[in-house]
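Everything on this sheet refers to the single structure shown next.
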Amino acid sequence: MSQRPQAVQARLWSEEEVRYGEVAVDLAAAGADRLFTYAFPPDLDLVPGTWVEVPFHSRKLIGCYIGPAPAPPPGVQVRPIAGVVRELPPLPQDLIDLARWVADRYLCTFAAALRLCIPAGARRRQVREREVAAVALAAPRAEVAAAMEAAERRRAHLQARVLAMLLERPGPVPLAEIAARLGDHARAALRPLLDRGLIRRVTLTARRDPFGGRAALPDAERSLTPAQREALAAVERALADDNPFAPRRPILIHGVTGSGKTEVYLQAIARVLARGQQAIVLVPEISLTPQTVGRFRARFGDRVAVLHSALSEGERWDEWLRIRRGEVDIVVGARSAVFAPVERLGMIIVDEEHESTYKQETTPPYHAREVAEERCRRAGAVLVLGSATPAVETYWRAERGEIERVVLPERVDGRPLPPVELVDMREELRAFNRSIFSRRLQEALDETLGRGEQAILFLNRRGYNTFVLCRACGEAIACPNCAVALTYHLPGPGQPHPRRLECHYCGHTEPVPSTCPRCGSDKIRYLGAGTERVEAELRELFPRARVLRLDVDTTRRKGAHGEILGAFSRGEADVLIGTQMVAKGLDFGRVTLVGVVLADTTANLPDFRAAERTFQLITQVAGRAGRGDRPGRAVVQTYMPHHPAIAAAARGDIAGFYARELAWRKVQGYPPFADFVRLLFTGPEEGEVALAARAAYQALLPYGKDGAMEVREPGPAPLVRLRGQWRYHLLLHGPDRQAMVAAVRAALGGRRLPGKGVRMSVDVGPYTIL
């Protein structure tokens, strides 16, 4: 398929003929946040959402046609569009409207919001449908069958086998498939068949299959527990409620780990499909996609498409096209899948809805859960949220009746929840145990491995040591580009250096020094523990144990997530070590032990969500144990056993934790009782960045004088330098998010701030303030 747009006929149009349209030009500049008017001929039938190529200054850019525009005033010249980009299907109107909402809510440009609705490679026109060479029958089947028998008689076996392949299939056969089945030398057999007119060359559009051609084993519906039946009934009631004056309330399935939420999702989607509608299923981590997609494909087969960032650009484009053409009914993916171009939307499911990964940190800084709710509201669809540890905001809304909450209090088949045992690591130090493994965790691992069962070890830190310290001057070896300490890594597969220091923000690496770069001392010490060190010490303690590690370093290669999890699921390893990738959604029946190597990593963060995240992580990772026929247990190591979140997670005190957390947040004015808007200023020179932040503060101050919101003094961000850029920020705090957004738009929209080379970004409802 050609990548060139279909050109508009170059000729003069009379004033009566010419038509005008508004185009959202694909520009990143904030000052260009408006629609541009272009002319087009009367015989060109453009529908909203059509992608066009337009002249912009001296360039040609892609844009999205939004709708007709009024004729310009006399004397104003309007340039014509350059052509229509036929290989890009038009965006549905509901996605255009949703993009407008995203732009308004998250204070980004309309063009930036539209980019969310189409794969980046296609928008940049760097990817297209893949075409492959093939052959097809060119003569009647009876004539071909006779020719095949004649070829066999004269011992032209390859020709006979090629014809047999074509007779077996209703359509063309790719040349690559012929070569794979019959060998490369089979291509030589094609020439005489082509010359005799028995076959002909054709070109096929070949789908880049993210599943690699692997078929899923069929899976039937399972019987439900009474609590599961009640959850499904709540969904069925919502689907049946067609009252246009009372939008459907979202449904929260608050189920303990292992309570069968996924089976409820599957049966709920079956009801949606029976109504002739489609569904979107969001998962928070790419690592969860293989398991989740596997279950959905087992139930619904080829009616399932997948969208996430680990796909190649070609795979993502082909899946997007399948969805846009209505060839699938279910889309499973990470947060960006909320913008999948389904046109008969009946339901969106947000699994593990509490996860921070649903919040995009780059522009536009949308939250997929919020977008899903708005999209369901507009489409009259049902929003289903699922979690064992709901977000504090979601729990609060359920308490107020804004969300219907259905509780799954027990695991399926009456399996018990794993007891959680806290180990005070201060006592381990007093007992002269310097290992990262407490005596209790070592005993539990020994017992688990001795019974032939599996264990998961969780530590939310990568690397071997988290920083390298000079004991002479007290300085940690820092990244030259970022205000963070470098992490010590052991050599990985294919690494040219035996050891390295790495920045987990910008990717900078350097050799491990023998002396301090600052003072020259050789008193270098390695401190802190990451997943690499957990793996090394585990192998030393249990040399016969088969160990796998799941973190960013082991999953850089495409498909590595699925390979590691698949190997563990098949019992090819005894212990799985990982970061937060192992803490959510995974279901392995032979795992009877979960060890949290250090529960304090999130609890000590300077973040109002620190307690919430700590409670969720411990509860979620402990819930990976005992999901099969054998009971499980969790051992949680901590230096803060009396921390309220850690203690509540160990007791399983869900109601108590949320009550305490909501009371504290109400006093402090934190979400859900108020919200933040963060303005971040970045640039190469610190003084210029500080100047821009101060100017923005002065412009916003008048909007805080009525008490509707607080405009806080600007200052260095906690991570003051990142990737060579200095970072300052200021916060707006108040009960009305949209009022703060309106203030930023009024005070700073289109305004040029002082500060050379400084960029400003706005994060509405930030999930982290680093």
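Among the candidates 238, 246, 233, 268, single out the residue that is part of a loop (DSSP other than H, G, I, E, B) and hydrophobic (A, V, I, L, M, F, W, C). Residue meeting the stated conditions: 246.
Taking segment 724-765 as the range and being farther than 18 Å from residue 367 by Cβ, open to solvent by less than 60 Å² (accessible area, probe 1.4 Å) and not in a strand (DSSP E or B) as the test, the residues that pass are 724, 739, 742, 743, 747, 748, 749, 753, 754, 755, 757, 758. I'd like the residue in segment 666-682 that is open to solvent by 20 Å² or more (accessible area, probe 1.4 Å) and of a type outside the set (A, V, I, L, M, F, W, C) and, out of all such residues, is farthest from residue 728 (Cα to Cα). By that ranking, first place goes to 666.
Can you name the number of the only condition in (1) closer than 30 Å to residue 318 by Cβ; (2) of a type outside the set (Val, Ile, Thr); (3) not in a helix (DSSP H, G or I) that residue 181 fails? Every listed condition holds for residue 181 apart from (3).
Of all residues in segment 274-291, how many are open to solvent by 20 Å² or more (accessible area, probe 1.4 Å), within 30 Å of residue 242 (Cα to Cα) and in contact (Cβ under 8 Å) with a residue 12 or more places away in the chain? Give the derivation first.
Here is the first cut: in segment 274-291, the ones open to solvent by 20 Å² or more (accessible area, probe 1.4 Å) are 274-277, 285-286, 290-291.
Those still in the list that are within 30 Å of residue 242 (Cα to Cα) too: 274-277.
When the remaining residues are screened for being in contact (Cβ under 8 Å) with a residue 12 or more places away in the chain, the result is 275-277.
Number of matching residues: 3.
Taking the criterion of being open to solvent by less than 10 Å² (accessible area, probe 1.4 Å) and more than 30 Å from the chain's Cα centre (by Cα), would at least one residue in segment 683-692 satisfy it? Break it down into steps so the answer makes sense when it comes.
Just the residues of segment 683-692 that are open to solvent by less than 10 Å² (accessible area, probe 1.4 Å), to begin with: 683, 689, 692.
Now drop any that are not more than 30 Å from the chain's Cα centre (by Cα), which leaves 689, 692.
Within segment 683-692, one or more residues are open to solvent by less than 10 Å² (accessible area, probe 1.4 Å) and more than 30 Å from the chain's Cα centre (by Cα).
For the structure I just gave you, tell me whether residue 451 is open to solvent by 40 Å² or more (accessible area, probe 1.4 Å) and either closer than 27 Å to residue 570 by Cβ or in contact with a Ser or Thr (Cβ under 6 Å, 6 or more places away or on another chain) (or both). Yes; evaluated as a whole, the condition is true for this residue.
Suppose we keep only residues that are without any contact (Cβ under 8 Å) to a residue 60 or more places away in the chain and surrounded by 15 or more Cβ atoms within 10 Å (Cβ to Cβ) within segment 307-328. Which one would you say is nearest to the chain's Cα centre (by Cα)? Talk me through it step by step, then tell me what you get.
To start, the set of residues in segment 307-328 that are without any contact (Cβ under 8 Å) to a residue 60 or more places away in the chain comprises 307-309, 323, 326-328.
Checking which are surrounded by 15 or more Cβ atoms within 10 Å (Cβ to Cβ) leaves us with 307-308, 323, 328.
Working: 307: 9, 308: 6, 323: 18, 328: 20 Å.
That would be 308.
Residues considered: 171, 197, 212. Of these, the only one that is closer than 20 Å to residue 318 by Cα and either without any contact (Cβ under 8 Å) to a residue 24 or more places away in the chain or open to solvent by 20 Å² or more (accessible area, probe 1.4 Å) (or both) is 212. Quick one: would you say residue 708 is in contact (Cβ under 8 Å) with a residue 24 or more places away in the chain, under 21 Å from residue 103 (Cα atoms) and either among the acidic types (Asp, Glu) or surrounded by fewer than 18 Cβ atoms within 10 Å (Cβ to Cβ) (or both)? In short, no.
Just to verify a result, which residue in segment 712-723, among those that are open to solvent by less than 20 Å² (accessible area, probe 1.4 Å) and out of contact with any strand residue (DSSP E or B) (no Cβ under 6 Å at 6 or more places or on another chain), is nearest to residue 486 (Cα to Cα)? The residue in question is 719.
Counting residues that are aromatic (Phe, Trp, Tyr), which helices (runs of 4 or more DSSP H) fully inside segment 599-716 reach at least 3?
Values: elements: 610-622, 644-651, 654-668, 686-700.
Filter on segment 599-716 gives 654-668.
Please verify whether segment 607-619 includes one or more residues that are in contact (Cβ under 8 Å) with a residue 60 or more places away in the chain, over 18 Å from residue 354 (Cβ atoms), open to solvent by less than 20 Å² (accessible area, probe 1.4 Å) and not hydrophobic (A, V, I, L, M, F, W, C). Checked segment 607-619: no residue is in contact (Cβ under 8 Å) with a residue 60 or more places away in the chain, over 18 Å from residue 354 (Cβ atoms), open to solvent by less than 20 Å² (accessible area, probe 1.4 Å) and not hydrophobic (A, V, I, L, M, F, W, C).
Just wondering, is there one or more residues in segment 532-552 that are more than 28 Å from residue 720 (Cβ to Cβ), out of contact with any Leu (no Cβ under 6 Å at 6 or more places or on another chain) and modelled with pLDDT under 90? Looking for residues that are more than 28 Å from residue 720 (Cβ to Cβ), out of contact with any Leu (no Cβ under 6 Å at 6 or more places or on another chain) and modelled with pLDDT under 90, one finds none in segment 532-552, hence no. Within the group 595, 626, which residue is within 26 Å of residue 453 (Cα to Cα), open to solvent by less than 10 Å² (accessible area, probe 1.4 Å) and at pLDDT below 95? Being within 26 Å of residue 453 (Cα to Cα), open to solvent by less than 10 Å² (accessible area, probe 1.4 Å) and at pLDDT below 95 holds for just one of 595, 626, which is 626. Of all residues being touching a Leu at 6+ places or on another chain (Cβ under 7 Å), among the aliphatic types (A, V, I, L, M) and assigned to a strand (DSSP E or B) in segment 472-491, which is surrounded by the most Cβ atoms within 10 Å (Cβ to Cβ)? Just the residue, please. This residue is 478. Exactly one residue out of 574, 587 is over 25 Å from the mean Cα position of the chain (by Cα) and surrounded by fewer than 24 Cβ atoms within 10 Å (Cβ to Cβ), and it is 574. Under the condition of being crowded, with 19+ Cβ neighbours inside 10 Å and polar (S, T, N, Q), the residues counted in segment 87-136 number 1.
Close Cβ contacts (under 8 Å, 6 or more residues apart or on different chains) running from residues in segment 57-73 that are open to solvent by 100 Å² or more (accessible area, probe 1.4 Å) to residues that are among the aliphatic types (A, V, I, L, M) comprise 60/54; 60/82.
Residue 515 falls short on exactly one of the conditions (1) among the polar types (S, T, N, Q); (2) under 28 Å from residue 455 (Cβ atoms); (3) open to solvent by 30 Å² or more (accessible area, probe 1.4 Å), and that condition is (2).
Just checking: which of the strands (runs of 3 or more DSSP E) contained wholly in segment 363-471 hold 2 or more residues that are β-branched (Val, Ile, Thr)? Steps first, please.
Details: elements: 382-387, 404-408, 420-424, 454-458, 467-470.
Where strands (runs of 3 or more DSSP E) fall fully within segment 363-471 and carry at least 2 residues being β-branched (Val, Ile, Thr), they are 382-387, 404-408, 420-424.
Any residue at all in segment 349-359 that is assigned to a helix (DSSP H, G or I) and either of a type in the set (S, T, N, Q) or closer than 20 Å to residue 211 by Cβ (or both)? Yes, because at least one residue in segment 349-359 is assigned to a helix (DSSP H, G or I) and either of a type in the set (S, T, N, Q) or closer than 20 Å to residue 211 by Cβ (or both).
The values are calculated or read from the model by the stated rules, or taken from the named source; none is laboratory data. For clarity, every value in this text was computed on a predicted model and none was experimentally measured. Backbone-built Cβ (ideal geometry, glycine too); neighbour counts: all protein chains shown. Side chains included, ligands, DNA and RNA excluded: accessible areas come from the protein's heavy atoms. Shrake-Rupley method; radii C 1.70, N 1.55, O 1.52, S 1.80 Å.
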